[in-house]
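Following: one structure in structure tokens, then a few remarks.
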Amino acid sequence: MKKINAIAAVTGTVLVGLGVAMAVTNPGPESYHDYASQRLMEYAQENACDRLPIAKGACVSAIGSVQSDIEDIIRRNTQRQNFLLWSVYKTDLSLPLPLIPAYQFETVGAFQSFYTYEYKKQ
């Protein structure tokens, strides 16, 4: 019986410690905005620049020059659900440009990291 109580106490302590670690390292909205804008910039530079009829260096530079605008768009179009131990971010991204579809992204943030687990073209 003492062995079971000791195992239960250790397990409980580990779970509480894990919960505290998750709560402390739950990334906030600003971290998400940085993450999302950086990922979007990388995607655009890797994919869009190869398809446009301009020099790749000029395209990369042009995309880099609008990074703060992209961060603002992400900031305005993201909703956060904070579950204390982790957060879920839902971003609806639609640019006012013809021929560019709208996208919806869902990302979970925990342990100071992000994982985008769903994205839909709308």
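Mind checking the full-extension length gain between Ile7 and Gln81? Use 0.36 nm per residue of separation minus the Cα-Cα distance, one decimal, nm.
23.2 nm
Using a 1.4 angstrom probe on heavy atoms only, work out the carbon and sulfur share of the accessible area of the chain in %. Can you show the working numbers first?
Numbers: 5190 of 8380 Å².
Roughly 62 percent, rounded to a whole number.
Leaving out ligands, DNA and RNA but keeping every protein chain, what accessible area does Leu15 have, in Å² rounded to the nearest 10, with a 1.4 Å probe?
Only protein atoms counted, so the area is about 110 Å².
Taking the Cα centre as origin and putting +1 on Lys and Arg beta-carbons and -1 on Asp and Glu beta-carbons, what dipole magnitude results for the chain, to the nearest 20 debye?
Numbers: 11 positive and 11 negative charges, 107 e Å.
That gives the chain a dipole magnitude of about 520 debye.
Alpha carbons only, please: Rg and Dmax for the chain, in angstrom.
For the chain, the Cα-based Rg and Dmax read 20.2, 74 Å.
Identify all aspartates and glutamates with a Cα-Cα distance to Lys90 below 13 Å; exclude those on the same chain that are fewer than 8 residues away in sequence.
List returned: Glu106, Glu118.
Grab the DSSP H runs of the chain that are 4 residues or longer, score each as -39,500 (n - 2.57), total them, divide by all residues and round the 222 nm result to the nearest 500 deg cm²/dmol.
Details: 4 runs with 58 residues, N = 122.
Calculated at 222 nm, the ellipticity per residue is -15500 deg cm²/dmol.
Using only the Cα atoms of the stretch 1-68, what do you get for the radius of gyration and for Dmax, in Å?
23.5, 74
The values are calculated or read from the model by the stated rules, or taken from the named source; none is laboratory data. Note that the coordinates shown come from a computational prediction; the quantities given were computed from them, not determined experimentally. Here Cβ is always computed from backbone atoms with ideal geometry, including for glycine, and neighbour counts include all displayed protein chains. Please note that ligands, DNA and RNA were not included when accessible areas were found on the heavy atoms of the full protein model with its side chains. Shrake-Rupley method; radii C 1.70, N 1.55, O 1.52, S 1.80 Å.
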